[in-house]
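No value in this document is a laboratory result; all are computed from the given coordinates. Note that the structure is a prediction, hence the values are computed from the model and not measured. Methodologically, a virtual Cβ is constructed for each residue, glycine included, from the backbone with ideal geometry; neighbour enumeration extends over all protein chains shown.
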Amino acid sequence: MVRKNYILSEKSLEIIHQVMEERHLKSETAALEYILLQHNVRQSMEERFAQIIYERYAEVLESTRAAARQTEQVVQLTLDAVNTILIERGYTACYPADREPSPVIEESQRQWKRKLEREKQLRDDRRQKQGGVKK
């Protein structure tokens, strides 16, 4: 055991006495040791929770990053291909697809929407079979 002298505020002493009373401790030293132990336990729990969360979601985050990289690559390749076609054919006009979509773009958007609806329905069906409906 080591003997130390500390200067504490009135508020700190009130907390120590409150802990003594709540925990039926016989001394201020016992209350301080209890407070320090609880702090240590709380810190350990926080570290364990952080580790559990990391382990649980690290794979999801990595797969999301990989999907984002792949999507970025596909977008860049598509942009390069379209740019090459525009330059080689001498096209100079720009028709924004959100304001003047071609019939091909409109059909592509409809098919994409149907695909997403089917995928959502399949997910919902799987969840319902597993016993939990989650939207």
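Assorted remarks:
- Karplus (6.51, -1.76, 1.60) ³J(HN,Hα), θ = phi - 60°, over region 73-90, in Hz, Gly and Pro reported as x: 5, 4, 4, 5, 4, 5, 4, 4, 5, 5, 4, 4, 4, 4, 5, 5, 8, x
- Taken one residue at a time, the phi angles of region 50-56 give Karplus couplings (6.51, -1.76, 1.60, θ = phi - 60°) of 4, 5, 4, 4, 4, 4, 6 Hz. Gly and Pro are set to x.
- Short-range pairs are left out: with C-alpha atoms under 8 Å and at least six residues apart, the relative contact order of the chain is 7 percent.
- Convex hull (Cα only) mean projected area of region 13-73, reported in nm² to one decimal: 6.1
- Net charge of the neighbourhood of GLN18, taken over other residues with C-beta under 13 Å away and scored Lys/Arg +1, Asp/Glu -1, is -3.
- Fewest-first sequence of HIS24, HIS39, HIS17 by Cβ atoms within 10 Å of each Cβ: HIS24, HIS39, HIS17
- Note on the chain: semi-axes of the ellipsoid equivalent to its C-alpha gyration tensor, largest first and rounded to whole Å, are 65, 23, 15.
- Straight-distance crosslink candidates among lysines, where the alpha carbon sits under 26 Å from LYS129 and sequence neighbours closer than 8 are dropped: LYS113, LYS115, LYS120
- Reducing region 1-34 and region 59-74 to their Cα centroids gives an inter-centroid distance of 53 Å.
- Within the chain, longest stretch clear of exposed chymotrypsin sites (Phe, Trp or Tyr not before Pro) (DSSP loop, no more than 13 other Cβ within 10 Å): 7-90
- PHE49 sits among other residues whose Cβ lies under 12 Å from its own Cβ, and their net charge, with Lys and Arg +1 and Asp and Glu -1, is 0.
- MRE, 222 nm, helices only [DSSP H, n ≥ 4, -39500 (n - 2.57), over the chain, to nearest 500]: -28000 deg cm²/dmol
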